[in-house]
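Remarks on the structure that follows.
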Amino acid sequence: MRISELSRRSGVPVATIKYYLREGLLPKGEATSSTQATYGATHLRRLRLIRALVEVTDAPLVKVRAALDAIDDRGMDVHDLLGSAQHAFFADAKAAKADDTGEREAEERAAALLAELGWSVTDHSPARDQLARAIATMDRLGRPVGDEMLRVYAAAARMVAEEDLRCLDPEAPREEMVEYAVAVSAVMERALMALRLLAQEDASARRFDGDRPAEGRPRRMDD
């Protein structure tokens, strides 16, 4: 297909495609003349992946390039490939560790929880830092999180993670696996957050709404 057809089928403007070609993010097409080239299904798939990485994660091209390099590294297995995508797009920059007792205790609690769960995670995972920071922040707010609450959260997270990976075909092309990993992490993360808030609203209504006088309650759609 010509570049115009590639643009139409991918939804990416021709000017942007040419930019990706110049930057080496998209492989060159098969030259048919000094100014013309044709492109195939491989180009279309790679272009759709780049678009997903840029639009879903709002990531700079340096991170997109790192993800594409991982895809092209055939020596990297599926676990490391998905880990590279997760770290590249969803790991916050590591915050400077505060040298205080609260931060250290939070890190120790996070490490103890992971050890108790028996989860196979790396020591340098940014998610460890995020967990420890959340624990430390709740402590500073005077609302310390108990071990049982952390276990409940972990059980729910594990169930969601298993469902995420259940839908991943290990025999699919590597581009499709990364595209799925990025999409499910970024887009479905919002769905998970929304469902949690909706569940909180429902749980609150069931637990507390019955204690208010009828005239003080918000009007329901079915009233």
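Looking only at segment 38-76, residues that are touching a Leu at 6+ places or on another chain (Cβ under 9 Å) and crowded, with 16+ Cβ neighbours inside 10 Å come to 17 in all.
Scanning segment 1-29 for residues that are closer than 16 Å to Arg45 by Cβ and open to solvent by 50 Å² or more (accessible area, probe 1.4 Å) returns Met1, Glu5, Arg8, Arg9, Pro27, Lys28.
Residue pairs whose Cβ atoms lie under 7 Å apart, sitting 6 or more positions apart in sequence or on different chains, and linking a residue in segment 140-154 that is in contact (Cβ under 8 Å) with a residue 12 or more places away in the chain and farther than 17 Å from Arg104 by Cα to a partner that is among the charged types (D, E, K, R) and part of a helix (DSSP H, G or I), do not occur here.
When segment 97-118 is filtered for residues that are open to solvent by 80 Å² or more (accessible area, probe 1.4 Å) and either modelled with pLDDT of 85 or more or touching a Leu at 6+ places or on another chain (Cβ under 7 Å) (or both), the ones remaining, listed by number, are Arg104, Glu105, Glu108, Glu116. Close contacts from segment 114-132, counting a first residue that is under 16 Å from Gln86 (Cα atoms) and in contact (Cβ under 8 Å) with a residue 40 or more places away in the chain and a second that is open to solvent by 60 Å² or more (accessible area, probe 1.4 Å) and in a helix (DSSP H, G or I), with Cβ to Cβ under 6 Å and a gap of 6+ residues or different chains, come to none at all.
Do we find that Glu162 is at pLDDT below 85 and farther than 24 Å from Glu107 by Cβ in this structure? Criteria not met by Glu162.
The values are calculated or read from the model by the stated rules, or taken from the named source; none is laboratory data. Computed from a prediction, not measured in an experiment: that's the story for all the values here. Please note: Cβ atoms are built from the backbone with ideal geometry, for glycine as well, and neighbour counts cover all protein chains shown. Heavy atoms of the whole protein, side chains included, go into the accessibility calculation; ligands, DNA and RNA do not. Shrake-Rupley method; radii C 1.70, N 1.55, O 1.52, S 1.80 Å.
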